[in-house]
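Below is one structure, written out as structure tokens; comments come after it.
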Amino acid sequence: MRDRDDDGIIAVLARTAREVETAAQRGRMLDQQRTKFQVVAVLARQERARVRAEISNDTLRTALLKRLDGIALILAQIATRDTSLLELLGEDAVLSDAAKAVRRNLLNDAGVEAPPAEPAPQEAPPAAPAATERQVVPRAIVSRQLANPFLAPDFSAARPSTAPPVRRLATWELLGPLFNSFERAGEGASPCMTLPTPTSLNAPGGHELMPHQGQLIAAAAAGHRSFLLADEPGLGKTAQALLAAQAAKAYPLLVVVPNVVKTNWAREAALWTPNRSATVIQGDGETMDGFADIVVVNYEVLDRHQGWIGDFGFRGMVIDEAHFIKNKTSQRSRHVLQLSERIRSRVTRPLLIALTGTPLINDIEDFRAIWQFLGWIDDTKPLPELMRVLEETGLTPADPEFYRAARQCVVDLGIVRRRKVDVAADIPARRIADLPVELDDKLGRSIREAERGLARRMVERYETALARRDSGPEVEGIDHELVRRIAARERKEATKAEGDDNVFAMMRRIGRAKAGLAADYAAQLARSAGKVVFFAKHLDVMDAAEETFAKAGIRYSSIRGDQTSAVRQKQIDAFVNEPDVAVAVCSLTAAGVGINLQVASNIVLAELSWTDAEQTQAIDRSHRIGQTEPVTAWRIIAAQTIDARIAELIDSKAGLAARALDGSDVEVGASEDIQLQALIALLTDALTAPV
């Protein structure tokens with residue numbers, strides 16, 4: 001047998017890969033080509049590992065790896081045409097006799113001695129959940145699966161939990177008593193596990209944690225691996241989950257969230273864990289990063305990504321608004337539970353976190369699915385960890401003391417519940433939290449196109465003005481004075497013109513596009529934190545929000561400028577005094593002053609105002625003397641639109657206003673300044689954008 005030729009095997013693999021590629025392009029992927037695809041992938045992976053381990057010459061090693069990258073690219077392109085080929089690349093895929101014969105032939109062609117007979121395959125891990133909908137595999141995931149050394153997750157260390165001996169409780173039905181224990185435990189029972197004192201409140205990027213946040217992260221660092229984090233909204237659950245994953249080294253991390261907060265999770269990941277990359281799955285995942293540490297997906301598209309997610313090797317999983325899975329018969333719940341079970345069966349002590357603001361004492365049966373996600377119970381009984389601590393109590397459901405002890409056992413597994421009033425000293429009395437949302441529907445695309453059209457119109461005016469200029473000093477780069485004049489002209493025309501292509505019409509369209517997402521978020525807050533005030537500028541945005549609340553079965557009051565004083569007061573009284581009126585839908589201008597809504601501590605700003613003062617007046621309807629809880633205003637921002645730029649400008653003007661109040665001589669402008677600055681920014685960005 002000839003000595004191994006370092007170039008020969010790669011040449012043979014490249015030739016065979018191109019042969020398979022030609023067959024795929026012709027649409028004729030027969031069993032023979034599928035077998036060759038699998039064998040080339042396996043041999044390329046093995047050759048890459050060998051080159052890295054055995055070739056010491058840096059130049060030669062780099063050249064060989066580059067050629068192997070070319071083969072991987074060919075295979076990735078083939079797999080995007082037929083994603084079923086990825087089943088042949090899984091770590092549990094078995095080479096058929098035909099594949100082994102092809103492997104021998106390819107190795108012989110390359111002058112490489114074939115390996116000895118392979119041992120019998122190990123028992124395969126649990127099968128991926130059955131798909132009930134169309135399955136997709138994003139191209140980025142194909143690339144990852146073909147990368148060196150295919151980044152195949154190692155599940156060899158995973159061991160099933162050893163069930164403890166069950167003696168006293170062997171014949172008892174325990175799930176019912178466990179749920180009942182949360183109602184029968186009596187006053188004074190703790191809603192929160194014992195948490196360690198954090199050694200530091202410093203987070204990456206120079207940010208500082210609040211003490212209650214640091215406690216949960218310290219618990220994760222100490223080895224705790226399952227949490228039902230039920231803090232009230234506004235207490236920073238997202239940051240806690242992200243930093244707990246970092247403390248537990250639970251990467252890659254899967255985060256399953258409602259659509260409305262998907263973009264915000266990526267934004268928070270960049271803020272709190274800047275050393276970890278995050279990606280968001282949109283639709284079929286064509287724009288995702290297959291090599292990211294944190295993968296964010298919304299419940300609505302989870303079904304089509306079940307297959308590859310189950311094989312990806314996630315070491316942690318977070319579900320936001322976990323009460324979304326309370327109905328165990330729903331498709332959404334089934335998908336989440338299947339993935340949780342798959343992760344727990346393949347990874348030793350994964351990090352599992354369920355986030356919800358819903359009080360635990362209400363409808364405790366709703367938490368059956370959440371406990372199952374966390375691995376505390378299955379359909380019929382407590383799982384080993386919970387069963388062990390229940391046995392250690394020495395009690396049975398026949399003992400009156402059982403219920404308080406059992407409740408504490410569950411709480412100690414990882415229930416964390418803090419209220420705003422409990423940690424009021426740690427958080428500001430009033431704060432604004434931005435919630436960016438993606439407008440990825442038809443309306444959102446039309447808005448972005450209208451914004452580009454507005455920018456093009458101003459660029460044309462700018463270039464025309466430059467061309468006509470025949471005197472005066474030359475200006476290097478952008479003529480900022482001319483930019484300001486063009487923007488001022490556009491703003492002046494927009495105040496007089498009708499149509500959909502000016503900045504005011506654009507902001508109104510953005511408001512309509514955000515209405516449903518903002519209302520959905522307000523509904524979530526109402527269910528988890530009590531009464532919510534929803535502010536909008538335009539009546540059609542208020543109409544859309546009220547329609548969303550009505551469909552969700554949420555009672556609301558409507559406070560508008562065209563109401564009589566008596567009607568308006570009746571609506572206010574209903575919101576303040578009737579427990580089941582959960583939302584006050586308010587006009588930003590009509591309800592921004594003169595009314596008291598301090599019964600609510602959460603505010604949703606569905607549309608931006610043109611001044612910080614108008615925004616502040618709205619927030620002050622709740623943040624006023626008599627308010628006993630910190631107030632959080634959730635500002636809904638349309639990402640990648642002029643909406644986001646206007647939010648930045650409002651905040652910068654707010655800073656100037658604060659300095660003026662402190663005695664500075666800074667001149668604070670009016671709403672026209674924000675409008676003008678937004679147009680200036682839009683034109684400047686267009687002029688500096690690469691051609």
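The values are calculated or read from the model by the stated rules, or taken from the named source; none is laboratory data. Worth saying up front: this structure is predicted, and the values here are computed from it rather than measured. Glycine also receives a Cβ, built like all others from the backbone with ideal geometry; neighbour counts cover every protein chain displayed.
Among the residues here, GLY453 does not qualify as in a loop (DSSP other than H, G, I, E, B) and not hydroxyl-bearing (Ser, Thr, Tyr). Determine if segment 535-544 includes at least one residue that is surrounded by 14 or more Cβ atoms within 10 Å (Cβ to Cβ) and free of Cβ contacts under 8 Å to residues at least 12 places away in the same chain. Yes, because at least one residue in segment 535-544 is surrounded by 14 or more Cβ atoms within 10 Å (Cβ to Cβ) and free of Cβ contacts under 8 Å to residues at least 12 places away in the same chain.
What do you reckon, is ASP366 surrounded by 22 or more Cβ atoms within 10 Å (Cβ to Cβ), touching a residue at least 40 places away in the same chain (Cβ under 8 Å) and of a type in the set (D, E, K, R)? Criteria not met by ASP366. Just one of the listed residues (TRP308, TRP371) is assigned to a helix (DSSP H, G or I), modelled with pLDDT of 90 or more, within 24 Å of ALA244 (Cβ to Cβ) and among the aromatic types (Phe, Trp, Tyr), namely TRP371.
Here's the yes/no breakdown for (1) assigned to a loop (DSSP other than H, G, I, E, B); (2) in contact with a helix residue (DSSP H, G or I) (Cβ under 9 Å, 6 or more places away or on another chain); (3) not assigned by TED's automatic domain parsing to the domain that holds THR628:
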site	(1), (2), (3)
THR495	no, yes, yes
LYS514	no, yes, no
SER528	no, yes, no
PHE534	no, yes, no
VAL541	no, yes, no
GLU547	no, yes, no
ALA566	no, no, no
ASN596	yes, yes, no
VAL604	no, yes, no
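Annotation for segment 195-206: no member residue is under 23 Å from GLN306 (Cα atoms) and either hydrophobic (A, V, I, L, M, F, W, C) or outside any helix (DSSP H, G or I) (or both).
Comparison of THR589, THR616 shows that the only residue that is in a loop (DSSP other than H, G, I, E, B), more than 18 Å from ALA522 (Cβ to Cβ) and not assigned by TED's automatic domain parsing to the domain that holds LEU235 is THR589. Here is the figure for segment 255-265: residues that are assigned to a helix (DSSP H, G or I) and at pLDDT below 90 total 6.
If you go through segment 639-648 and keep only what is more than 9 Å from LEU608 (Cβ to Cβ), in contact (Cβ under 8 Å) with a residue 40 or more places away in the chain and of a type outside the set (Ser, Thr, Tyr), you end up with ALA639, GLN640, ILE642, ALA644. Filtered by the rule that a residue be out of contact with any Leu (no Cβ under 6 Å at 6 or more places or on another chain), under 30 Å from GLY236 (Cβ atoms) and among the hydrophobic types (A, V, I, L, M, F, W, C), segment 387-412 gives VAL389, VAL410, VAL411. Given the residues ALA41, ALA24, which is the only one that is within 14 Å of LEU88 (Cα to Cα), surrounded by 18 or more Cβ atoms within 10 Å (Cβ to Cβ) and in the same structural domain as ALA98 (by TED's automatic domain parsing)? Unique residue meeting the criteria: ALA41. Do we have THR238 as modelled with pLDDT of 90 or more, among the hydroxyl-bearing types (Ser, Thr, Tyr) and assigned to a loop (DSSP other than H, G, I, E, B) here? No; evaluated as a whole, the condition is false for this residue. Criterion applied to THR380, THR356, THR348, THR396 was being of a type in the set (Ser, Thr, Tyr) and touching a His at 6+ places or on another chain (Cβ under 9 Å), and the one residue passing it is THR356. For the residues TRP272, TRP308, the requirement of being farther than 18 Å from PHE373 by Cβ, within 14 Å of the chain's Cα centre (by Cα) and of a type in the set (Phe, Trp, Tyr) singles out TRP272. Of the residues VAL40, VAL20, the single one that is at pLDDT 80 or above and either within 14 Å of ARG103 (Cα to Cα) or touching a Gly at 6+ places or on another chain (Cβ under 8 Å) (or both) is VAL40. Could you check how many residues of segment 559-582 are under 18 Å from HIS538 (Cα atoms) and under 35 Å from the mean Cα position of the chain (by Cα)? The number of residues fulfilling the criteria is 2.
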